[in-house]
Structure formats: structure tokens, C-alpha cells
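Single-structure report; data block below.
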Amino acid sequence: MKKYNSLLVLISLVGFFILFFYFNSEKTGLKDFFQSDEEIFLNDFRPIKMERERYLGEIADTSNHMYPYMNFGNICLPMLDQWRNGIEKGDYVSKKKDSLTLFVEGKKRKYYLHLDLKAVGSAPSPCKCSQLGKRF
């Protein structure tokens, strides 16, 4: 009876690890599991290149508790507090690849918004707008 319980625990443990690796490697990659939220955000934010993308307004991620994103047509950036007051609807935003700075061209002014990593917190990563759901 004791050998049966030990075997059952061993089989359950092996099954858990198989499922764990399967689900984590398919969705975000196993390496993402061991990275901080800020590192994951940076890995997804750095490669983005934007050339005068017009800010169209907010869009909600229906799969993530209606988290607000900034809609630029093709690319959507999460609505970080540091960007909320810095970018207005109709502004044009540019970003160089591997840069942490957004260049904002408003109707009356042009300025840079530098990403403050301490204020990123557990924000979701930027994504294609087609992956998100409803508009506000």
C-alpha cells in the first residue's frame, strides 16, 4: 500500500511538470516565467518601432480585466500612468527600435516621454491591437 501511494505521488509529480512545461512554453516561453514583470515588458517594448503613429484613443483588453491600452492602429501600448497625461488623442508618436523613449508631436508642442521602469509595475506588454477586444 505504501509503494502504491509513493508511485501515485511520483506519477502526479511527473504529470504536473509535463503540464507545467507544456503550458508555459506554448504561451509565453519558459524563460518568461522566471523574469520580472519589468523585464518581460522591456523585452516586448524595446523591439517596437513607431513612425508618427497617430493616437486614436483607448481600447480595452477583454481577456485581461479590461486593462486599457493606447490604440495606435496597428500597435497598442498599455496605458501607463506616465503616458496617460503625456499623450492626447490625435497626437503622433514615434519610437526608435531598442529605445525607451517616445517622441510625441502634439498640435502645439513636441516633446519626449522617457520610460520610467519603476512606474511600469505589472503592466501587460504591448501587442497588436487586433489581439484586443472592445473600445471604450
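Derivation of every value follows stated rules applied to the coordinates shown; laboratory data play no part. As the structure is a computational prediction, the values presented were derived from the model and not from experiment. Cβ coordinates were reconstructed from backbone atoms using ideal geometry, including for glycine residues, and neighbour counts include every protein chain displayed.
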Computed over the stretch 38-94, the convex hull of the Cα set has an average projected area, in nm², of 4.2
In the chain, which Cys residues have no partner Cys with a Cβ closer than 4.7 Å? Cys127
Between Lys128 and Asp116, what is the spin-label point distance in nm, taking each point 7 Å from the Cα along the Cα→C-beta axis? 3.3
Quick one: among Ser63, Ser36, Ser99, which has the greatest mean-square fluctuation in a GNM of the chain with alpha-carbon springs under 10 angstrom? Ser63
All aspartates and glutamates inside 13 Å of Lys89 as judged from Cα atoms, apart from same-chain residues fewer than 8 positions distant: Glu53, Glu58, Glu105
Mind sorting Val120, Val14 by how few other Cβ atoms lie within 10 Å of their own Cβ, fewest first? Val14, Val120
Once the Cβ-Cβ distance between Val14 and Glu39 is put in as r, and R0 is 41 Å, what FRET efficiency do you end up with, to the nearest 0.05? 0.85
If I model a spin label at Thr101 and Tyr22 as a point 7 Å from the Cα along the Cα→Cβ vector, what separation in nanometres do I get? 4.8
Dipole magnitude of the stretch 76-136, debye to nearest 20 (Cβ charges: Lys/Arg +1, Asp/Glu -1, about Cα centre): 240
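Can you pull the Rg over Rh of the stretch 79-136, Cα-only, Kirkwood? Before the final figure, lay out the partial values.
Values: Rg = 12.5 Å, Rh = 13.0 Å.
A ratio of 0.96.
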Return Met66, Met79 ranked ascending by Cβ neighbour count within 10 Å, so the fewest neighbours appear first. Met66, Met79
Amide H neighbours of Arg54 under 5 Å, at least 5 residues apart or on other chains, H built in the peptide plane: list them. Val93
Evaluate Rg over Rh across the stretch 37-131, taking Cα atoms for both radii and Kirkwood's formula for Rh. 0.92
